[in-house]
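The values are calculated or read from the model by the stated rules, or taken from the named source; none is laboratory data. Just so you know, these numbers come straight off a predicted model, no measurement behind them. Cβ coordinates were reconstructed from backbone atoms using ideal geometry, including for glycine residues, and neighbour counts include every protein chain displayed. Calculation scope for accessible area: heavy atoms of the full protein, side chains included, ligands and nucleic acids excluded. Shrake-Rupley method; radii C 1.70, N 1.55, O 1.52, S 1.80 Å.
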Amino acid sequence: MQKRQNPASPPVPGGPARRVCIITFGCQMNEADSEAIAAAFRRRGYTVTDELKKADAVVVNTCTVRQRAEDKAISQIGRLRVWKEKHPEGKIFVVGCAAQKLGEKYLKHRFPFVDEVVGAKAIEQFEDALITQLGPTPETETAHQNLFRSPQTAYTTIMRGCSLKCSYCIVPAVRGPAVFLSPAAVLADAAAKLKAGAKEIVLLGQTVNSYKHGKTTFSELLKQVLALPGLQRLRFMSPHPLYFDAEFTAVLAREKKLARYMHLPVQSGSDRILKAMRRGYTRGEYLALLARLRAAAPDLAVSTDFIVGYPGETEEDFRDTLALVAEGGFTLAYCFKYSPRTDRPEMAATISGAVMEGRLEKLLAAVKNNSRVILNKRIGKIEEVLFETATYGRTSGNFALRVAEGGTPGKMAEVLVAGAEKNTLNGKVL
Ligand code: SAM
Ligand code: SF4
């Protein structure tokens, strides 16, 4: 799991020169939480820095989805011992999914220099931890700041937690069952971010398309967000194959501001493994869903996640996964080696490290090969590009695209695609 530090934020005029360094591991949910944490600090006059040595407070936002992610977060916390010796007045906050799993007692015992532990389930009470450590401070309003993406793109969380029970997954245990934010809260958040300059909103949730609040369905929520002034493009992640209905495909077909892209994790191409994973669909059902989505949006780009080496995965199961790469027409796939997240004996890894590594390599090669084929198919097409700089932007299908000149940051333009190199398209603004 990658570690991301945050770009520095502009100083608050007249505010004291205090700085917070936020180190984030894991998924977009953690990124969105880190932005909320940054906002809480900024309301107290702090600025965000990516330089640990200049920081007066440090937040480590942890991940535990795989053991490696947890290990990385733990070593990061360990390294803060030296920082605390040099900054005895400085405050250290450990938050997020590994904090939830390992618990305050364990973390404070192992790392006595940590001041506060706030687990993922209690992340909305982060403010209380701030009050404990820094005291109540008169709050100042600050504009939203994107820490992770281009200034054009902003995350809006629409649900927390997850109520599914995929056999391999620790997320429901550390983030709790699904809780949906009210449409009013979602719309207020997205509208504030658009007002602050965002052009593209990404709605976030672990099974984002299962959204239901009172009578408001996911499709209804999409329509309401699509109507917000200033919005140029709407994305969402991660949807689950179980929750797409005819109402959604109708919205997808009609609403061109809804990105022609989705990240739709499949996890395996083998029915036997999908069943053991408790994913709730078969390979055939997943492919039929892709066909329905592509009938509504023929240029739809789809990426996915795969897990290799799930307990009991045979060569045949793995071949089914390998074959799905081309059959699903995925533009991209994130491939993970199975990592046991529970002590239950039936969930222990049964595939040797060497076999797992071999399968991962084969899968990555197939994905790379397939991505090239799919990228090349875009040559000669006209793409709607939302520019981040004069020469760089993203297509509706989420492909990176470069032009020599002619893009306007924050504006959409049509580009004729002339070529493709590595993962990036290139072309000419029309
Ligand atoms: N909610 C999303 C879904 O179900 O489609 C996925 C969320 S999970 C945080 C991100 C990805 O991590 C999953 O799609 C899966 O591929 C991977 N993952 C989760 N648990 C894992 C495990 N125990 N070992 C390996 N990969 C895992
Ligand atoms: Fe985990 Fe996603 Fe399954 Fe929920 S839907 S249990 S987050 S893999």
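Name every residue in segment 387-407 that is small (Gly, Ala, Ser), outside any loop (DSSP other than H, G, I, E, B) and surrounded by fewer than 23 Cβ atoms within 10 Å (Cβ to Cβ), in order of residue number. First the steps, then the outcome.
Taking segment 387-407 as the starting set, the residues that turn out to be small (Gly, Ala, Ser) are 390, 393, 396-397, 400, 404, 406-407.
Subset that is outside any loop (DSSP other than H, G, I, E, B): 393, 400.
ALA400, the sole residue that qualifies.
Of the residues making up segment 177-211, those that are more than 11 Å from ligand 2 (Cβ to nearest atom) and part of a loop (DSSP other than H, G, I, E, B) are LEU181, SER182, ALA196, GLY197, ALA198, LYS199, TYR211.
Here is a yes/no grid of residues against (1) assigned to a loop (DSSP other than H, G, I, E, B); (2) near ligand 2 (Cβ under 9 Å from one of its atoms); (3) in contact with a Cys (Cβ under 9 Å, 6 or more places away or on another chain):
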position: HIS144; (1), (2), (3): yes, no, no
position: LEU147; (1), (2), (3): yes, no, no
position: THR156; (1), (2), (3): no, no, no
position: LEU164; (1), (2), (3): yes, yes, no
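Residues in segment 300-311 include at least one that is in contact (Cβ under 8 Å) with a residue 60 or more places away in the chain, touching a strand residue (DSSP E or B) at 6+ places or on another chain (Cβ under 9 Å) and assigned to a loop (DSSP other than H, G, I, E, B). Within segment 224-261, restricting attention to residues that are part of a loop (DSSP other than H, G, I, E, B) and open to solvent by 60 Å² or more (accessible area, probe 1.4 Å), the residue that is nearest to ligand 1 (Cβ to nearest atom) is ASP245.
Give, as residue ranges, the helices (runs of 4 or more DSSP H) completely inside segment 97-138 that count at least 1 residues that are of a type outside the set (Gly, Ala, Ser) and surrounded by fewer than 17 Cβ atoms within 10 Å (Cβ to Cβ).
Numbers: elements: 97-102, 104-110, 126-134.
Once the helices (runs of 4 or more DSSP H) in segment 97-138 are filtered for at least 1 residues that are of a type outside the set (Gly, Ala, Ser) and surrounded by fewer than 17 Cβ atoms within 10 Å (Cβ to Cβ), what remains is 104-110, 126-134.
Looking only at segment 326-348, which residues are of a type outside the set (A, V, I, L, M, F, W, C), in contact (Cβ under 8 Å) with a residue 24 or more places away in the chain and closer than 15 Å to TYR168 by Cβ? Selection gives TYR334, LYS337, TYR338, SER339, PRO340, ARG341, THR342, GLU346.
Quick grid of which residues meet (1) open to solvent by less than 50 Å² (accessible area, probe 1.4 Å); (2) part of a helix (DSSP H, G or I):
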position: ASN61; (1), (2): yes, no
position: THR64; (1), (2): yes, no
position: ALA69; (1), (2): yes, yes
position: LYS72; (1), (2): no, yes
position: ILE77; (1), (2): yes, yes
position: LEU80; (1), (2): yes, yes
position: LYS84; (1), (2): yes, yes
position: ILE92; (1), (2): yes, no
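The residues of segment 321-351 that are polar (S, T, N, Q) and within 15 Å of ligand 2 (Cβ to nearest atom), listed by number, are SER339, THR342. Inspect all residues belonging to segment 198-207 and state whether any of them is more than 15 Å from ligand 1 (Cβ to nearest atom), closer than 28 Å to GLU388 by Cα and open to solvent by 20 Å² or more (accessible area, probe 1.4 Å). Yes. Taking every residue in segment 272-287 that is at negative phi and touching a residue at least 40 places away in the same chain (Cβ under 8 Å) and pairing it with any residue that is open to solvent by 40 Å² or more (accessible area, probe 1.4 Å) and within 16 Å of ligand 2 (Cβ to nearest atom), at least 6 positions away or on another chain, the pairs with Cβ-Cβ distances below 7 Å are TYR281/LEU242.
Might you let me know whether segment 78-95 holds any residue that is within 16 Å of ligand 2 (Cβ to nearest atom), closer than 22 Å to ALA32 by Cα and touching a Lys or Arg at 6+ places or on another chain (Cβ under 8 Å)? So far as segment 78-95 goes, no, none of its residues is within 16 Å of ligand 2 (Cβ to nearest atom), closer than 22 Å to ALA32 by Cα and touching a Lys or Arg at 6+ places or on another chain (Cβ under 8 Å).
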